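Comments concern the structure below.
No lab work stands behind these numbers, since they all come straight from the coordinates. Worth saying up front: this structure is predicted, and the values here are computed from it rather than measured. Positions of Cβ are generated from backbone atoms using ideal geometry, with glycine treated the same way; all protein chains shown enter the neighbour counts.
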Amino acid sequence: MKILISSCLLGEDVRYDGNNSSIALNSKFSFSQKELFMDILCDNDIYSFCPEVSGGLSIPRIPAEIVKRDKPFIVQNQNGEDVTINFLLGAKKALDLCKEENIKVALLKANSPSCGNIKIYDGTFSNTLIDSQGLTAKLLKENEIEIFNEDQLQELVKYIKTNS
Ligand code: SF4
């Protein structure tokens, strides 16, 4: 199955701080979770994608949060600069890739203002999570693409088995 995966989860140094969120190398994950992740990588066609870099933002970059979660969205970085267009462009490019390649499922990094599928930071830069979605996760979901995060690997495997 074709799966879009947040580049940072694959170990690419694309995060705002120039680091990655590698599942394989992160001590937060158990050995069995890492094994499961490696099985997912080996048994499927993986498309690595970082919406923020694809939307034209640099590595490293000033961290950003969604400060207005209804349309028209507003995303600002910690310096108060508007980066909404970069986030929207990254989301659109992710959707375009999914459409071009007929990708129906994505594994996206939790809590990110682009990739978060269940929770994101609340826009106050106070480390407060709220129930909401990042702009890429939201757009993909609106277009019937199933989204999982790194804490939902079992659910992703179940989805793959059911839909292969
Ligand atoms: S935008 Fe998504 S893929 Fe890129 S660094 Fe943030 S969480 Fe990772």
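Rounded, prolate or oblate: which one fits the range 31-164, using the alpha carbon gyration tensor with axes a ≥ b ≥ c (rounded when a/c is under 1.5, else prolate when a/b beats b/c, else oblate)? Prolate is the answer for the range 31-164, as a/c is 1.5 or above and a/b outweighs b/c. Between residue 81 and residue 122, the modelled labels are 2.7 nm apart [label points 7 Å from Cα along Cα→Cβ]. The protection proxy used here, the mean number of other Cβ atoms lying within 10 Å of each residue, ranks peptides 112-125, 142-155, 43-56 as follows, highest first: 112-125, 43-56, 142-155.
Sequence gap at least 6, Cα distance under 8 Å: using those rules, report the relative contact order of the chain to the nearest whole percent.
On the way: 328 pairs, mean separation 35.6, N = 164.
Computed over the chain, the figure is 22 percent.
Shape call for the range 91-164 from the C-alpha gyration tensor, a ≥ b ≥ c root eigenvalues: rounded (a/c under 1.5), prolate (a/b greater than b/c) or oblate? Here the range 91-164 falls in the oblate category.
For residue 42 and residue 58 in the same chain, what is the full-extension length gain: residue separation times 0.36 nm, less their Cα-Cα distance, in nm?
Details: separation 16, 0.36 × 16 = 5.76 nm, distance 2.99 nm.
2.8 nm is the gain from fully extending residue 42 to residue 58.
Is the range 3-88 rounded, prolate or oblate when judged by the Cα gyration tensor, a ≥ b ≥ c being the square roots of its eigenvalues, rounded requiring a/c under 1.5 and prolate requiring a/b larger than b/c? Prolate is the answer for the range 3-88, as a/c is 1.5 or above and a/b outweighs b/c. In order along the range 34-47, phi translates into HN-Hα couplings of 5, 4, 4, 4, 5, 4, 4, 5, 6, 9, 9, 8, 9, 10 Hz, rounded to whole numbers, per the Karplus curve 6.51 cos²θ - 1.76 cosθ + 1.60 with θ = phi - 60° and x for Gly and Pro.
Highest mean packing comes first when the peptides 68-75, 32-39 are listed by Cβ atoms within 10 Å, giving 32-39, 68-75.
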